[in-house]
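> A single structure is presented below for examination.
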Amino acid sequence: MANSFGTDILIQAPDARAAAAFYIEQLGFTITDDNPSMIALHGHCINLFIEPGPQLGPVLEVSVGDVASARTRLVQAGCEVVKDEPDFPRCYVRDPFGLVYNLTR
């Protein structure tokens, strides 16, 4: 099972623009994509995406060979699917230790 973490981290914020301003002013990010559904801030080592909405916590990206089988295996191991939007695609899983990640291929 050779999976890997991606360079993308996503957060949700009730005021995405205010959150973006914080990361720009305090950490030196720059906006690289600004649209109503998601603001992208690309940094040297990570890319931070901010989407409007209630806070879910940071969502890391994990690349797997087969999203469906990884999801099944993780749920059987005690994980909870917290968001499933196959058309987007996104499958957010919270593991038993509190880490939330999006399973991608």
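> Would you be able to tell me the number of residues in the range 1-39 that are assigned to a helix (DSSP H, G or I) and either within 12 Å of PHE49 (Cα to Cα) or in contact with a helix residue (DSSP H, G or I) (Cβ under 6 Å, 6 or more places away or on another chain) (or both)? Even if it seems obvious, please write down each step before you answer.
So in the range 1-39, the residues assigned to a helix (DSSP H, G or I) come out as 16-27.
Going one step further and asking which of them are either within 12 Å of PHE49 (Cα to Cα) or in contact with a helix residue (DSSP H, G or I) (Cβ under 6 Å, 6 or more places away or on another chain) (or both), we end up with 16-17, 19-20, 23.
Number satisfying all stated conditions: 5.
> A further question follows. So for the range 18-33 (the condition being open to solvent by less than 30 Å² (accessible area, probe 1.4 Å) and at pLDDT below 95), does at least one residue qualify? Give the derivation first.
Step one: list which residues in the range 18-33 are open to solvent by less than 30 Å² (accessible area, probe 1.4 Å), which gives 19-20, 29.
Adding the requirement that they be at pLDDT below 95 leaves 29.
There is at least one residue in the range 18-33 that is open to solvent by less than 30 Å² (accessible area, probe 1.4 Å) and at pLDDT below 95.
> When you go through (1) of a type in the set (Lys, Arg); (2) open to solvent by less than 30 Å² (accessible area, probe 1.4 Å); (3) touching a Gly at 6+ places or on another chain (Cβ under 9 Å) one by one for ARG90, which number turns out not to apply?
Unmet condition: (3).
> Taking the range 42-62 only, how many residues are outside any loop (DSSP other than H, G, I, E, B) and either under 12 Å from the mean Cα position of the chain (by Cα) or on the phi > 0 side of the Ramachandran plot (or both)? Steps first, answer last, please.
Let us first name the residues in the range 42-62 that are outside any loop (DSSP other than H, G, I, E, B), namely 42, 47-52, 59-62.
Checking which are either under 12 Å from the mean Cα position of the chain (by Cα) or on the phi > 0 side of the Ramachandran plot (or both) leaves us with 47-51, 59-62.
Counting residues in the range 42-62 that are outside any loop (DSSP other than H, G, I, E, B) and either under 12 Å from the mean Cα position of the chain (by Cα) or on the phi > 0 side of the Ramachandran plot (or both) gives 9.
> Output the number of the condition that ILE39 fails; it satisfies all remaining conditions of (1) at pLDDT 95 or above; (2) over 14 Å from the mean Cα position of the chain (by Cα).
So the condition that ILE39 fails would be (2).
> Right, something else. Scanning the range 34-70 for residues that are among the hydroxyl-bearing types (Ser, Thr, Tyr) and out of contact with any Leu (no Cβ under 9 Å at 6 or more places or on another chain), which turns out least open to solvent (accessible area, probe 1.4 Å)?
Our first condition is that a residue be among the hydroxyl-bearing types (Ser, Thr, Tyr); within the range 34-70, this holds for 37, 63, 69.
Next cut, out of contact with any Leu (no Cβ under 9 Å at 6 or more places or on another chain) only: 37, 69.
Working: SER37: 78, SER69: 54 Å².
My answer is SER69.
The values are calculated or read from the model by the stated rules, or taken from the named source; none is laboratory data. Fair warning: this is a prediction, and the values are worked out from it, not measured in the lab. A quick note on method: Cβ atoms are made from the backbone with ideal geometry, for glycine too, and the neighbour counts reach across all protein chains shown. We work out accessible area using only protein heavy atoms, side chains counted, and drop any ligands, DNA or RNA first. Shrake-Rupley method; radii C 1.70, N 1.55, O 1.52, S 1.80 Å.
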